1. Which residue fluctuates the most in chain B, going by a Gaussian network model with Cα springs under 10 Å, if the choices are B:33, B:78, B:165?
2. I need the calculated FRET efficiency for the pair residue B:28 and residue A:83, taking r as the beta carbon distance and R₀ as 41 Å, to the nearest 0.05.
3. Using the per-residue mean of other Cβ atoms lying within 10 Å as a proxy for protection, in what order, highest first, do the peptides A:75-86, B:82-93, B:121-132 fall?
4. Take the alpha carbon atoms of the range B:1-22, find their center, do the same for the range A:114-134, and report the distance between the two centers in whole angstrom.
5. How shielded is A:98-108 by partner chains, expressed as the average number of their Cβ atoms within 10 Å of its Cβ atoms?
6. Highest GNM mean-square fluctuation, chain B, Cα pairs closer than 10 Å: which of B:59, B:114, B:22?
7. Would you mind calculating the relative contact order of the range B:50-151 from Cα pairs under 8 angstrom and at least 6 residues apart, reporting the percent as a whole number?
8. Please compute the average number of Cβ atoms from other chains found within 10 Å of each residue's Cβ in peptide A:57-68.
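Throughout, read-outs are computed from the coordinates displayed, never taken from laboratory work. Being a predicted model, the structure only gives us computed values, none of them experimental. Don't worry about glycine lacking a Cβ; one is built from the backbone with ideal geometry, like all the others, and counts go over all protein chains shown.
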């Protein structure tokens, strides 16, 4: 029993001491990275936009969900620009000009993004067609 | 014909499974190249980030001479490995300007003393504002900027000795 306890103490110590290798900034977060805007309407606009901007570091998350420094800085930038009265659509276009359509979770309908929009409809149509055929076959 | 329709779902499933397997074995590259290449450097005026070098502003870049702008940080490990490569390029007459991302002066001074200082000037980008305006996704990144301040090329990640001839050629082409 005591040996087992020693092992678990050693394990906890190892985990506590295992700090990740120096690979992140020690800089304090930007002013509006984790702080909401005082104006609730502006904050709601900012949150809507931040929820559809993809984090460029952890590429499966939106910047609102990401803990990456760059995502925090992007949140602060978006909130500050909205506070100054800039339109969310303009900020989104500004980011797309730099990172590509990829950076938005709400890509505009264009030639290269058409499959994204049309394929679900096509698949739904296929599903209905298959189902209809199957139901008819059952009835007969 | 009837047997074809019977096998169609399995064939479709096989195609889908093939796609997924391929994506697992050969993941799409995670590098996101900047769409801002070909555009002018963003207007910026960054304060000095290190004790021994001046800050960096847009007017330093559009001065007729092509140069490299390297985004780096003292907390970035590949940047330490990249420092000697940048040094070697300065010996060939290349001007390297630095943008230190989210860095503190004491950390940066220690980094430069330890790994060498190839930079003519180093601006401190504490809130990543210039990095975001460049479409940058991390450190290190190196931009070839021509004499008019237009970005000609972006290198994502650490430059190695093998990249030196190509980088120098890209600078010559931006003359």
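1. B:165
2. Working: r = 36 Å, r/R0 = 0.88.
In this case the efficiency is close to 0.70.
3. B:121-132, A:75-86, B:82-93
4. What the calculation gives is 16 Å, centre to centre.
5. Working: counts 11, 9, 6, 1, 2, 4, 0, 0, 0, 0, 0.
So the per-residue partner count for this stretch is 3.
6. In this elastic network of chain B, the residue with the biggest mean-square fluctuation among B:59, B:114, B:22 is B:22.
7. Numbers: 180 pairs, mean separation 45.8, N = 102.
Contact order relative to length: 45 percent.
8. Values: counts 4, 0, 4, 0, 0, 0, 0, 0, 0, 0, 0, 1.
Mean partner-chain Cβ count within 10 Å for A:57-68: 1.
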